[in-house]
1. For a quick size check, give me the Cα extents of the range 97-202 along its three principal axes, largest first, whole Å.
2. Compute the Rg to Rh ratio over the range 140-192 from the alpha carbon atoms, using the Kirkwood formula for Rh, and round to two decimal places.
3. If we sort 186-193, 161-168 on the protection proxy, mean other Cβ atoms within 10 Å, highest first, what's the order?
4. What nm distance separates the two modelled labels at residue 238 and residue 77, each placed 7 Å from Cα along Cα→Cβ?
5. Quick one: what do you get for the range 3-49 if you divide its Cα Rg by 2.2 N^0.38 Å?
6. When only C-alpha pairs under 8 Å and at least 6 residues apart count, what is the relative contact order of the chain, in percent?
7. Packing-wise, with mean Cβ within 10 Å as the measure, how do 199-210, 40-51, 219-230 rank, highest first?
8. Which values, in whole Å and largest first, are the semi-axes of the equivalent ellipsoid of the range 161-240 obtained as the square root of 5 times each eigenvalue of the Cα gyration tensor?
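The values are calculated or read from the model by the stated rules, or taken from the named source; none is laboratory data. Everything numeric here is computed off the predicted structure, so don't read it as measured data. Counting neighbours? That spans all protein chains shown, and the Cβs are built from the backbone with ideal geometry, glycine included. Surface areas here come from the heavy atoms of the whole protein model, side chains and all, with no ligands, DNA or RNA. Shrake-Rupley method; radii C 1.70, N 1.55, O 1.52, S 1.80 Å.
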Amino acid sequence: MSIFLAGAGPDHLAFPEVFDRFAQAVSQRARQKAPVRVAVVVHDRGENPESLLPAYVDPLLARIPIEVVPVLLGAGAPANPSVFDGVDGLVVGGGLTPAYWEGLAASATAISRAVAGGVPYLGFSAGAMIAPRRALVGGYRSRGIEVCGEECSEGLADLEIRDGLGLAPFAVDVHAAQAGTLSRALGAVAAGLVERAVAVDENTALVLAAADDDSFEVLGHGNCWDIRWAGTACSVSVLRAD
């Protein structure tokens with residue numbers, strides 16, 4: 001399996017590598033099967049999620065022929081878990097993280113089962129944040145102290161950790177150095193909300209070979225900031241692509 005957790009939304013010009021690698025993984029998974037079916041999950045605050053599909057679909061169609069399975073999330077309309085049966089790849093887009101969590105929480109078992117069976121997963125921004133077993137879904141305050149800008153709060157006040165999709169053993173934050181959310185990931189670990197978090201820069205992705213892998217590959221042009229609780233303090237390792 002291949003799990004790609006990208007630190008921003010889709011940008012096939014600035015960060016084509018993540019589409020290249022995901023398309024390759026889907027092709028290897030499909031093994032000459034036709035049609036190759038890829039589920040693409042999107043949510044739009046303006047209630048027009050279909051308008052967001054081209055940003056995710058077009059770069060994939062430029063690389064491999066696929067049949068797109070649109071999963072359009074709306075208020076009060078979570079995805080049906082059965083939509084993920086038999087897909088050869090799964091893309092979860094960016095946007096409002098709690099909305100993606102609400103739309104996919106009931107499908108967590110179906111998604112984790114598909115990925116454990118070899119289906120590649122590509123999560124952009126929100127899709128990366130909800131992927132772990134314990135997901136950091138937003139907030140900007142910890143113990144009453146601001147740990148990132150309120151504009152990054154995702155509509156939540158205090159940092160919130162919820163059960164995610166089960167695809168990574170550590171929490172993930174995104175837009176790390178660029179939006180200042182590195183401090184939110186650090187704050188989550190320092191407060192004991194999670195034992196480990198990885199903050200991913202824009203134009204960067206972490207790549208897991210399996211959901212329970214402790215280590216990961218870095219893909220792209222920025223850093224992955226690996227934050228762990230070390231008994232009395234936090235340790236931070238800065239990882240870059242080779």
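1. Over the range 97-202, Cα extents along the principal axes are 41, 24, 23 Å.
2. Over the Cα atoms of the range 140-192, Rg/Rh equals 0.94.
3. In descending order of packing, they fall as 161-168, 186-193.
4. Result for the modelled spin labels: 4.5 nm.
5. After normalising by residue count via 2.2 N^0.38 Å, the value is 1.40.
6. RCO, the chain: 21 percent.
7. In decreasing order of mean packing, 199-210, 40-51, 219-230 become 199-210, 219-230, 40-51.
8. One finds semi-axes of 18, 16, 12 Å for the range 161-240.
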